[in-house]
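The block underneath contains the structure these notes are about, expressed in structure tokens.
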């Protein structure tokens, strides 16, 4: 695991230039049935190299990191407590035979086919009514943050590509952490 | 534990283990690259492990090379051989490895390129297109069949769907038929496998599409690609409610078609994937192969260095051993821990050093014995009263004793090693000419051959520092092991005193005979002459009487002269027993000189006496005679001098154990040629005198174990120096 963290640190350093490929169009939270939900829309701009790989039927896996943190303070030192942490993987692949793009959510097993890549990417970047936690778990007056991050998983690339992905910045598809402040007791 | 501590394991073990692990990692990486997706996540770990392992090996290599460099700088024995061996073996290894690497890279690139043959790609595309066309055709047929059946059964489908749905499925020979309301609620369905299996509802998007009066027909894959179906979705219009009821018909595609389609799809998919990965594959294989090459070279270099060091270790030990032996440490013994030729060599070296040490010890003992013998002979030669000189075959001085130097009057010790004849050429040694004239002819090779190496003897006379030495030479050749003549030995025998003693003995004998034969008749002759004078003087006339008187007077005078001469001979010849008594030398000298001082010559005789002179044990009568003779000689020598001066002095400090007495005058001196015989009997150039004065003086001096010599013969005047031993003062 340490090794993995080391590599991730190196990759994070080299992937700073690629944050602009993932942008947040919209994010909002709301309450429904005593549940905290949120919607988000990400715009994904894949590099030609990644698109080329997809069209050569290379399956790509994207990881969406979702966290709900509570901001606490110990004396004058602020810190975050993670209440919810969800990481789920979505696989995007193209079938030349069927001439369609397929999104496969490995978390819930949903599969969707698309004729256009943009449609698939739009669906990939859409989180609608994502249930985070029960409102009973949250306390009024405290500050909460929804944090969202989206990235391409390098580790699941085919081995030959992995070497290239470690070197080439075109494969650094990763967003920064997007944050949405949430306060209990009011609806944004 | 024993195995781990084994030298081979210690030297090569870690390198072997690390290299094996790295090679294993690289092998796994190559397998992953080929087709092992389940290890893909380990690829990076393996890659990093490989880099770290290679880095460790490189560090080991750098450390090893640095150690070699340090050893080279320190001049450690064997390191140059190690470097040469390592360089040679590395070159020998690297050359074929690099060639192999080049060809392997080429083959890999060509092999990967050959995977993507144009005909294969075309065949795959055609097969895919064919399969797609087939499925499209089936899809269109299915759609058309559904549409035709729908047109035939349309009123019933909306009015009594439960009745006709089964008939529709049988008519279409479909796997499943389902009719939904526009909101997606299932109205009726029929399944070939029974009514227990509910139909799979289409997605919301498809419902939306049908609500827009659009049909849907497509091949779909179910059960994770295990089954292909044709899904047909058409709107069934209800004329009364004007609603579109989605009618879904699912046609099963035969298994063989599905299998072929999956096969073609999979092959095409893999082909395209591999085609895309062609470049990265080449790079990855090149990287792995380069790592293998690098790993092989580094490992080979490490192995080579270690092997070379192992190979040169016995050589290094041998060099260190020889260096210790060269420094004189013959106790060196190296450990024999090998059973190969080096072990035999080390054992032989140990044996050899043992033999050398033993031989050296024997030589040392022999040398010590020789040295003892040499010192023994040197001591003998040094203490010999004879002079001894040895020469080597090149006539170089080898051994000289002090007596030889004394006899020859040259410090020969400072000339040891020089050529003997060089001494002859030395201008400081002209007095040695008779010596060389006598010796060198005998050392000529021709003479040596003719004389057959016989010893020879010869007497020579050397003149040095107003002294005459009579030397008897004995010479012979020295033996040699490898040559006939190993050198020469010359024995010098100073026989001056012996000859002098013989001469003195002869003179004493002559004196005794003279005294005996002449003295006895002299008195009758004198008495007869006086009697003749007395008896005949009155009987003769005046002239005759006067003649008689003169004649008898002459006879008496001559007889008295002869009596004086005879008395002198008697004195010289007579050696009375010494009457040694303690006497004060200064008082004796003052007493004698006072006898010669008259009012006329008060300023002639002077004394300069050392008041510190001790009493000496001597015969005062003999010393009186000695001083009388010398003073008398001095007075006679200064008779014709305007201001005659005679100085008598004593000195106790010039020599520690000697008393020096000098009697000097300012007379004409003694000619140099007279020096040889001045002290010999009857050696006078004076018209009057017996010629025995100085001989008697010398005799008295020698009787007192003293020495007399004449100084500064060429300067004005004469100076006799008498040296008496202080031992006399102690009564010894």
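For this structure, a couple of remarks:
- For the residues of A:160-170, the average number of beta carbons from a partner chain within 10 Å of their own beta carbon is 5.
- Report note on the peptides B:643-651, B:198-206: ranked by the mean count of other C-beta atoms within 10 Å, highest first, their order is B:643-651, B:198-206.
- Whole-Å distance, taken between Cα centres, linking the range B:511-526 and the range A:61-128: 169
- From the alpha carbon centroid of the range B:60-112 to that of the range A:136-154 is 57 Å.
- In plain terms, the residue of B:507, A:155 with the fewest other Cβ atoms within 10 Å comes first and the most crowded comes last, giving A:155, B:507.
- Compared with the alpha-carbon gap, the fully stretched path from residue B:239 to residue B:506 is longer by 76.7 nm at 0.36 nm per residue.
- Helix-only mean residue ellipticity at 222 nm for chain A, each DSSP H run of n ≥ 4 adding -39500 (n - 2.57), per residue, nearest 500: -6000 deg cm²/dmol
- Prolate/oblate/rounded call for the range B:279-356, Cα gyration tensor, a/c under 1.5 rounded: prolate
- Residue by residue along A:90-96, Cβ atoms of other protein chains within 10 Å of the local Cβ number 2 on average.
- Simple label model, 7 Å out from Cα along Cβ direction - residue A:27 to residue B:374, nm: 10.6
- The residues B:569, B:377, B:240, when put in order of fewest to most other Cβ atoms within 10 Å, stand as B:240, B:377, B:569.
- Cα gyration tensor shape of the range B:99-202, rounded if a/c is under 1.5, else prolate or oblate by comparing a/b with b/c: prolate
- Taking one quarter of the surface of the convex hull spanned by the alpha-carbon atoms of the range B:384-494 gives a direction-averaged projected area of 6.6 nm².
- Cut-off 17 Å, label 7 Å out along Cα→Cβ of residue B:402, residues of the range B:633-660 by amide N: B:656-657
- FRET efficiency, 1/(1 + (r/R0)^6) with R0 22 Å, evaluated for residue B:516 and residue B:677 via beta carbons: 0.30
- Straightening the chain between residue B:580 and residue B:640 buys 17.8 nm, computed as 0.36 nm per residue apart minus the Cα-Cα spacing.
- Per-residue [θ]222 nm for chain B (sum of -39500 (n - 2.57) over DSSP H runs n ≥ 4, rounded to 500): -19500 deg cm²/dmol
- If R0 equals 35 Å, the separation of the Cβ atoms of residue B:186 and residue A:83 corresponds to a calculated FRET efficiency of about 0.30.
- The Rg/Rh ratio for the range B:131-271, using Cα coordinates for both the radius of gyration and the Kirkwood hydrodynamic radius, is 0.99.
- Taking 0.36 nm per residue of separation and subtracting the Cα-Cα distance, full extension of the segment from residue B:647 to residue B:93 would add 188.6 nm.
- Taking the longest Cα principal axis of chain B as reference, the axis of helix B:585-595 is set at about 30 degrees.
- Label-point separation in nm, residue B:544 to residue B:220, each point 7 Å along Cα→Cβ: 21.4
- According to the Kirkwood relation over distinct C-alpha pairs, the hydrodynamic radius of chain B is 42.8 Å.
- Cα long-axis angle, helix B:79-115 against chain B (0 to 90 degrees, to the nearest 10): 10
- Put in order of Cβ neighbour count within 10 Å, fewest first, the listed residues B:395, B:581 become B:581, B:395.
- Pairwise Cα inverse-distance average, inverted: Kirkwood Rh of the protein assembly as shown (Å): 44.9
- Estimated FRET transfer efficiency (residue B:65, residue B:102; beta-carbon r; R0 35 Å; 0.05): 0.85
- Using only alpha carbons, the range B:501-573 has a radius of gyration to Kirkwood radius ratio (Rg to Rh) of 1.21.
- Computed from label points 7 Å out along Cα-Cβ, the spacing between residue B:52 and residue B:80 is 4.4 nm.
- Degrees separating the helix B:693-703 axis from the principal Cα axis of chain B, which is the longest one: 50
Bear in mind that the values in this text are calculations on the coordinates, not laboratory data. Fair warning: this is a prediction, and the values are worked out from it, not measured in the lab. Here the Cβ is made from the backbone with ideal geometry for all residues, glycine too, and neighbour counts use every protein chain on show.
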